[in-house]
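Asker: Have a look at this one.
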Amino acid sequence: MDCVFCKIISGEIPSNKVYEDSDILAFRDISPVAPTHILVIPKRHIASAAEITHSDGELIGKIFAKIADIARAEGVGNGFRVVSNCGETAGQTVFHLHFHIIGGRELSRSLG
Ligand code: AMP
Ligand code: ZN
């Protein structure tokens, strides 16, 4: 499959890894919008948040627990944003589910 994040998981494309286990990979965004900008992805290809089903509950819970761990480890545990753009209209450019962890600077209250 022609998916840049699947290629990062397989090692075909290099990445700056922050965390990895059998289900999850976290790596630094290549084009950071804040001092801390990390992407957390499931290793299984899920196209977007719109494709998550109830049977993915354990995986998604694991991802969010890891997001909290990573934010603490990065020193942004007291203030960070988790974003998942879902669909082209919402700005999604890579169609493999990912959660942005953004922090390390003052974040605007605007969500749109
Ligand atoms: P989105 O626009 O929400 O789909 O987010 C995709 C993100 O992936 C963007 O913030 C890109 O900067 C990031 N990105 C794209 N290719 C790479 C790559 N090879 N390594 C790290 N981050 C990437
Ligand atoms: Zn993929």
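Every number in this text was worked out from the coordinates using simple rules, so none of it is lab data. Everything numeric here is computed off the predicted structure, so don't read it as measured data. Counting neighbours? That spans all protein chains shown, and the Cβs are built from the backbone with ideal geometry, glycine included.
Asker: Being of a type in the set (D, E, K, R) and touching a Lys or Arg at 6+ places or on another chain (Cβ under 9 Å): is that true of residue 56 here?
Answerer: Judged against the criteria, residue 56 is a match.
Asker: Return yes when residue 38 is surrounded by 18 or more Cβ atoms within 10 Å (Cβ to Cβ) and free of Cβ contacts under 8 Å to residues at least 40 places away in the same chain and no when it is not.
Answerer: When the stated conditions are applied, residue 38 does not pass them.
Asker: Please tell me if residue 43 is over 18 Å from residue 75 (Cβ atoms), in contact with an Asp or Glu (Cβ under 7 Å, 6 or more places away or on another chain) and surrounded by 15 or more Cβ atoms within 10 Å (Cβ to Cβ).
Answerer: yes
Asker: Would you mention how many residues in the range 82-108 are assigned to a loop (DSSP other than H, G, I, E, B) and among the charged types (D, E, K, R)?
Answerer: 2
Asker: Please work out if residue 69 is in contact (Cβ under 8 Å) with a residue 60 or more places away in the chain and closer than 28 Å to residue 106 by Cβ.
Answerer: no
Asker: When you scan the range 72-103, how many residues do you find that are touching a residue at least 60 places away in the same chain (Cβ under 8 Å) and either among the hydrophobic types (A, V, I, L, M, F, W, C) or surrounded by fewer than 16 Cβ atoms within 10 Å (Cβ to Cβ) (or both)?
Answerer: Selection size over the range 72-103: 5.
Asker: Looking at the range 37-59 only, could you name the residues that are away from ligand 2 (no atom under 16 Å from the Cβ) and either within 14 Å of residue 98 (Cα to Cα) or touching a strand residue (DSSP E or B) at 6+ places or on another chain (Cβ under 6 Å) (or both)?
Answerer: 37, 38
Asker: What number of residues within the range 1-36 satisfy the criterion of being more than 13 Å from ligand 2 (Cβ to nearest atom) and out of contact with any strand residue (DSSP E or B) (no Cβ under 7 Å at 6 or more places or on another chain)?
Answerer: 9
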